[in-house]
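In what follows, a structure is listed as structure tokens, so that the remarks can point back to it.
The values are calculated or read from the model by the stated rules, or taken from the named source; none is laboratory data. Computed from a predicted model, the values in this text were never measured in an experiment. We place every Cβ from the backbone using ideal geometry, glycine too, and count neighbours over all the protein chains shown. Ligands, DNA and RNA are excluded from the accessible area calculation, which covers all protein heavy atoms including side chains. Shrake-Rupley method; radii C 1.70, N 1.55, O 1.52, S 1.80 Å.
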Amino acid sequence: MKTWLRRVHLILALASALFLVNLSVTGAFLVFGKDIQAWVNPQYWSVSYGKGNSEQSVPLPVSEITKHLSQTSASSIVFIEHHESPFRAWQIRLADSSYVSINQYSGEVLLRYQYDETFYGFMMAWHRWLLYTDGDARPLALLPPLASLILCIELLLGFYLWVRPKHRLKRLKVKWNAKNKVRLMQLHNVLGVYSLIPLFLISFSGLAFYFKDATQQIVETLALSQIQTPKQIVIPHSMLIEQQQKTSQAARLHTYRLDKAVASAEAALSDAWVYRVYLPQSEQDPVKLRMRMPAESHAYSYSWSNPYTGDVIDSFDASQTSLATRVWNFKYSFHIGSFIALPIKFIWLFLSLLPAFFVGSGIYIFLKRRVKRSAKFKSPAKAT
């Protein structure tokens, strides 16, 4: 049984080696991807912040930002994304799928770009669908999640192979003065045991982005509750201003009460931080704000306002939902290590590199065993 499981462990590792290394290396870059991007090209992603004569400390209202951008872009705005740091520029997505990096204090456009042309976007495309696209299709997008699934299986198999023999606790140490093969095998086992739970959960949270229905069912079963999602909100015809119907967004922008809509949403979900402001794309679309409540690790709460009056239509406080919903919403922050404090990101950086180490050390140990076996078979026969 043990020999058979070792072979399965090896075959799975060899079959998925390239994809696991891909996930490991690109995942490591993505942990600090946006920070690297801002460090390399600060003129595109960073802004001055302060209270001096040449620096502003209060972002422009949404209406002013849309006005600044509408003067230089013919494409309508889909959303305006805020950044938690006052030193980072805000990002705007346009209807033509392009993006704009904008100085939220002055309205100056810092960069126009396609998402996958940036360092972070390139790494994300490599991490999730191996860079290959065919129009809107991504033929290789299934391979990374399959590699994540294999990693989950490999972690469980490796743990079983470690826990089955006796004196397992004594094997949770590394003899640094031992031979390379022995030292590497001990390190392989020790790191595999200690990283089992966080690495398994990181892999599982990655699977949730691809196999949504299956992973949702697992979360709901374990949490003994249902995942709640915000409903789709549209402005009833009775609430529409007749003269604003059937007009372009550019024309409607002049009569939108965007600043009041945002203020009303902030009042409805007090103490929430605004993550994104989605502008209406049709006459029945509300101003949608994606917001993060104090108890949330990422923005999953929403508020919807009537753009013509600025009044709140509805709101959704994700921090007050079921346990399954809160666990499900935590998956993104957990996957990238963006919770609690900065040291967690460094731990996640180390964890993200472990699959590459496991693949490399496992193949090294396998090759050493093959060499040793071959040497035994090729040893000269005794003279007769």
(message) Can you list residue pairs whose Cβ atoms sit under 6 Å apart, with the first residue in the range 195-212 being part of a helix (DSSP H, G or I) and the second being open to solvent by 50 Å² or more (accessible area, probe 1.4 Å)? Count only pairs 6 or more apart in sequence or on different chains.
(response) LEU196/PHE159
(message) Take the residues in the range 168-181 that are hydrophobic (A, V, I, L, M, F, W, C) and open to solvent by 60 Å² or more (accessible area, probe 1.4 Å); name whichever of them is farthest from ARG6 (Cα to Cα).
(response) TRP176
(request) Quickly run through the range 72-114 and pick out the residues that are farther than 23 Å from ASP285 by Cβ, over 27 Å from the mean Cα position of the chain (by Cα) and not charged (D, E, K, R). (result) THR72, TYR105, SER106, GLY107
(request) Select from the range 40-64 the residues that are open to solvent by 50 Å² or more (accessible area, probe 1.4 Å) and polar (S, T, N, Q) and write down the one among them that is modelled with the lowest pLDDT. (result) ASN53
(request) Answer with yes or no whether PHE358 is buried (at least 19 other Cβ atoms within 10 Å of the Cβ) and either in contact with a Leu (Cβ under 7 Å, 6 or more places away or on another chain) or within 30 Å of ASN180 (Cβ to Cβ) (or both). (result) yes
(request) Just one of (1) out of contact with any Asp or Glu (no Cβ under 9 Å at 6 or more places or on another chain); (2) closer than 30 Å to LEU12 by Cα; (3) polar (S, T, N, Q) trips up THR133, so point out which. (result) (1)
(message) Just to be sure before I move on: is ILE150 surrounded by 15 or more Cβ atoms within 10 Å (Cβ to Cβ), in contact with a Ser or Thr (Cβ under 9 Å, 6 or more places away or on another chain), in a helix (DSSP H, G or I) and β-branched (Val, Ile, Thr) in the structure I sent?
(response) yes
(request) Within the range 171-181, track down each residue that is not in a helix (DSSP H, G or I) and not basic (Lys, Arg). (result) LEU172, VAL174, TRP176, ASN177, ALA178
(message) VAL219 - would you say it is open to solvent by less than 40 Å² (accessible area, probe 1.4 Å) and part of a loop (DSSP other than H, G, I, E, B)?
(response) no
(message) Here is a list: LEU191, LEU184, LEU155. Which entry is assigned to a helix (DSSP H, G or I) and either aromatic (Phe, Trp, Tyr) or open to solvent by less than 30 Å² (accessible area, probe 1.4 Å) (or both)?
(response) LEU155
(message) Filter the range 65-106 down to the residues that are open to solvent by 30 Å² or more (accessible area, probe 1.4 Å) and within 18 Å of GLY50 (Cβ to Cβ) and list them by number.
(response) HIS83, GLU84, SER85, PRO86, PHE87, ARG88, SER106
(message) Consider the range 312-345. How many of its residues are over 25 Å from ILE218 (Cα atoms) and surrounded by 16 or more Cβ atoms within 10 Å (Cβ to Cβ)?
(response) 5
(request) Among the candidates LEU5, LEU23, LEU30, single out the residue that is assigned to a helix (DSSP H, G or I), over 16 Å from the mean Cα position of the chain (by Cα), closer than 30 Å to GLY362 by Cβ and not β-branched (Val, Ile, Thr). (result) LEU5
